[in-house]
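One structure is given below, encoded as structure tokens.
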Amino acid sequence: MTTLKRQLLIIDPQNDFCDLPSAALPVPGATADMLRLSRLIQTQGHLLDAIHVTLDTHQQLDIAHPSWWCNTSCEAPPPFTQISITDIENGIWQARNPQQQDHSLAYVKALAQSGRYQLMVWPEHCLQGSWGQQVHNGLAKSLAEWENSHGLKVNYIHKGYNPNTEHYSAIQAEVPDPADPASQVDKTWIAMLARADALLIAGQALSHCVASTIEDLPTQLGEPYLQKMWLLSDCSSPVPGFETIAETFMSKMGARGMHSVHSSALDLSQLTATSQPKE
């Protein structure tokens, strides 16, 4: 079996999450994050055995987009509105399509039961085929050069296309759809990640999709796998207003064994599960 000792997982490095003009959901610092990540691939990419890139990919009509919902005046909720079980039961917000009302309530109840997130209405972002859904240009060039130089294929993974559920984590949707394999755990991909001695992780946003992915990985691969995980802390930033959540997440995962390192301090040739580069 081919060795895959050093792997890089890049979460949603897309235009709509970068602090660029016309971005739908810009994360301050994300553009600089992508440029630092590009430099790492350019300078040390020859030491990577695999690169995985997840792509947040949505339809316009999505349970986490404004057009799904309306109030009694047929007005859509503004972006960043949180919708609770009580909001739906009291008619504050309801599915614009009455046929989706029962599912919408059941979905928000399932979210509450999981205890991870309350439904957030986001600006329409990463729409299929749009500029915002594309990988940041500088990073895309570095990924293409890596493929050409090393004869290896970047593993691109689309997530979020199912409009009936959110899909923060790259591992599975918040509420997996039994009829949609793309919303469930990809066992083949998990087996590939399991072969890593070190898994570098970067991307957007630290407070949401990066955090959810990191939290889900040891569930699939076991708690000791956290010792193999290295978050590139200068290549990932939180959504504004969620900085405290990101800080708490970093502290919690560090206590469980996940490593954190600046890309500028990283020497991939020396990286193992027990090595400790300085920040």
**Complete:** Flagged in the range 191-204 as surrounded by fewer than 24 Cβ atoms within 10 Å (Cβ to Cβ) and either within 8 Å of the chain's Cα centre (by Cα) or among the charged types (D, E, K, R) (or both), in numbering order, are Arg195, Asp197
**Message:** Pull out all pairs, ordered by first then second residue, where Cβ-Cβ is under 9 Å, the residues are six or more apart or on different chains, the first lies in the range 213-240 and is under 15 Å from Leu193 (Cα atoms), and the second is aromatic (Phe, Trp, Tyr) and crowded, with 19+ Cβ neighbours inside 10 Å.
**Reply:** Thr213/Tyr168; Ile214/Phe249; Glu215/Phe249; Leu217/Tyr225; Pro218/Tyr225
**Request:** Identify the single condition in (1) assigned by TED's automatic domain parsing to the domain that holds Ala246; (2) in contact (Cβ under 8 Å) with a residue 12 or more places away in the chain; (3) over 25 Å from His125 (Cβ atoms) that Leu25 does not satisfy, given that it satisfies every other one.
**Result:** (3)
**Asked** Which of (1) surrounded by 18 or more Cβ atoms within 10 Å (Cβ to Cβ); (2) of a type in the set (A, V, I, L, M, F, W, C); (3) closer than 16 Å to Ser142 by Cα does Ala24 not meet, given it meets every other one?
**Response** (3)
**Request:** Tell me, yes or no, whether the range 218-232 has at least one residue that is under 26 Å from Met120 (Cβ atoms) and either charged (D, E, K, R) or at pLDDT below 95 (or both).
**Result:** no
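Given the condition over 23 Å from Ser38 (Cα atoms), assigned to a helix (DSSP H, G or I), of a type outside the set (Asp, Glu) and in contact with a Leu (Cβ under 9 Å, 6 or more places away or on another chain), answer yes or no: does some residue in the range 180-189 qualify?
Of the residues in the range 180-189, the ones over 23 Å from Ser38 (Cα atoms) are 180-189.
Adding the requirement that they be assigned to a helix (DSSP H, G or I) leaves 181-183, 187-189.
Remaining after also requiring of a type outside the set (Asp, Glu): 181-183, 187-189.
Okay, now just the ones that are also in contact with a Leu (Cβ under 9 Å, 6 or more places away or on another chain), so none.
Checked against the condition, which is being over 23 Å from Ser38 (Cα atoms), assigned to a helix (DSSP H, G or I), of a type outside the set (Asp, Glu) and in contact with a Leu (Cβ under 9 Å, 6 or more places away or on another chain), the range 180-189 yields no hits at all.
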**Asked** Taking the range 190-203, which residues are under 21 Å from Ser236 (Cβ atoms) and either assigned to a loop (DSSP other than H, G, I, E, B) or among the acidic types (Asp, Glu) (or both)?
**Response** Ala196
**Message:** Can you pull out every residue in the range 160-190 that is under 19 Å from Asn97 (Cβ atoms) and under 15 Å from the mean Cα position of the chain (by Cα)?
**Reply:** Tyr161, Thr165, Glu166
**Message:** Just checking, does the range 153-161 include any residue being assigned to a loop (DSSP other than H, G, I, E, B), modelled with pLDDT of 95 or more and within 22 Å of Ala95 (Cβ to Cβ)?
**Reply:** yes
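Please go through the range 18-65 and pick out each residue that is of a type in the set (Gly, Ala, Ser) and part of a loop (DSSP other than H, G, I, E, B). Outline the logic, then answer.
Within the range 18-65, the first condition is being of a type in the set (Gly, Ala, Ser), and the residues that meet it are 22-24, 29-30, 32, 38, 45, 50, 64.
Of everything in the range 18-65, those that are of a type in the set (Gly, Ala, Ser) and part of a loop (DSSP other than H, G, I, E, B) turn out to be Ser22, Ala23, Ala24, Gly29, Ala64.
Of all residues being in contact with a Ser or Thr (Cβ under 6 Å, 6 or more places away or on another chain) and farther than 12 Å from Pro13 by Cα in the range 37-46, which is surrounded by the most Cβ atoms within 10 Å (Cβ to Cβ)? Just the residue, please. So that I can check it myself, show each step before the final result.
Taking the range 37-46 as the starting set, the residues that turn out to be in contact with a Ser or Thr (Cβ under 6 Å, 6 or more places away or on another chain) are 38, 40-42.
Imposing the further condition that a residue be farther than 12 Å from Pro13 by Cα reduces the set to 40-42.
Working: Leu40: 22, Ile41: 20, Gln42: 15.
By that ranking, first place goes to Leu40.
Hey, can you tell me all the residues within the range 1-17 that are surrounded by fewer than 24 Cβ atoms within 10 Å (Cβ to Cβ) and either part of a strand (DSSP E or B) or at pLDDT 95 or above (or both)?
Going residue by residue through the range 1-17, those that are surrounded by fewer than 24 Cβ atoms within 10 Å (Cβ to Cβ) are 1-7.
Arg6, Gln7, listed by residue number.
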**Message:** Six or more apart or on different chains, Cβ atoms under 8 Å: show the pairs whose first residue is in the range 242-270 and among the small types (Gly, Ala, Ser) and whose second is modelled with pLDDT under 90 and surrounded by 14 or more Cβ atoms within 10 Å (Cβ to Cβ).
**Reply:** Ala265/Pro277
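Being farther than 20 Å from Leu25 by Cβ and in contact with a Ser or Thr (Cβ under 9 Å, 6 or more places away or on another chain) is the requirement here; does Met250 meet it? Please lay out each step first, then the result.
Details: farther than 20 Å from Leu25 by Cβ: yes; in contact with a Ser or Thr (Cβ under 9 Å, 6 or more places away or on another chain): yes.
Yes, satisfied.
Could you list, in sequence order, all residues of the range 205-214 that are of a type in the set (Gly, Ala, Ser) and either under 22 Å from Ser38 (Cβ atoms) or surrounded by fewer than 16 Cβ atoms within 10 Å (Cβ to Cβ) (or both)?
Step one: list which residues in the range 205-214 are of a type in the set (Gly, Ala, Ser), which gives 205, 207, 211-212.
Ala205 - this is the single residue of the range 205-214 that is of a type in the set (Gly, Ala, Ser) and either under 22 Å from Ser38 (Cβ atoms) or surrounded by fewer than 16 Cβ atoms within 10 Å (Cβ to Cβ) (or both).
Is there a residue being among the small types (Gly, Ala, Ser) and in contact with an Asp or Glu (Cβ under 8 Å, 6 or more places away or on another chain) anywhere in the range 6-25? So that I can check it myself, show each step before the final result.
First, the residues of the range 6-25 that are among the small types (Gly, Ala, Ser): 22-24.
Keeping just the survivors that are in contact with an Asp or Glu (Cβ under 8 Å, 6 or more places away or on another chain) gives 23-24.
Scanning the range 6-25, I find at least one residue that is among the small types (Gly, Ala, Ser) and in contact with an Asp or Glu (Cβ under 8 Å, 6 or more places away or on another chain), so the answer is yes.
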**Residues that are farther than 16 Å from Ile10 by Cβ and either under 15 Å from the mean Cα position of the chain (by Cα) or part of a helix (DSSP H, G or I) (or both), drawn from the range 120-149** = Trp122, His125, Trp131, Gly132, Asn148, Ser149
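The values are calculated or read from the model by the stated rules, or taken from the named source; none is laboratory data. Note that the structure is predicted; figures quoted are calculated from it, not measured. Ideal geometry is used to build each Cβ from the backbone, glycine not excepted, and the neighbour counts take in all protein chains shown.
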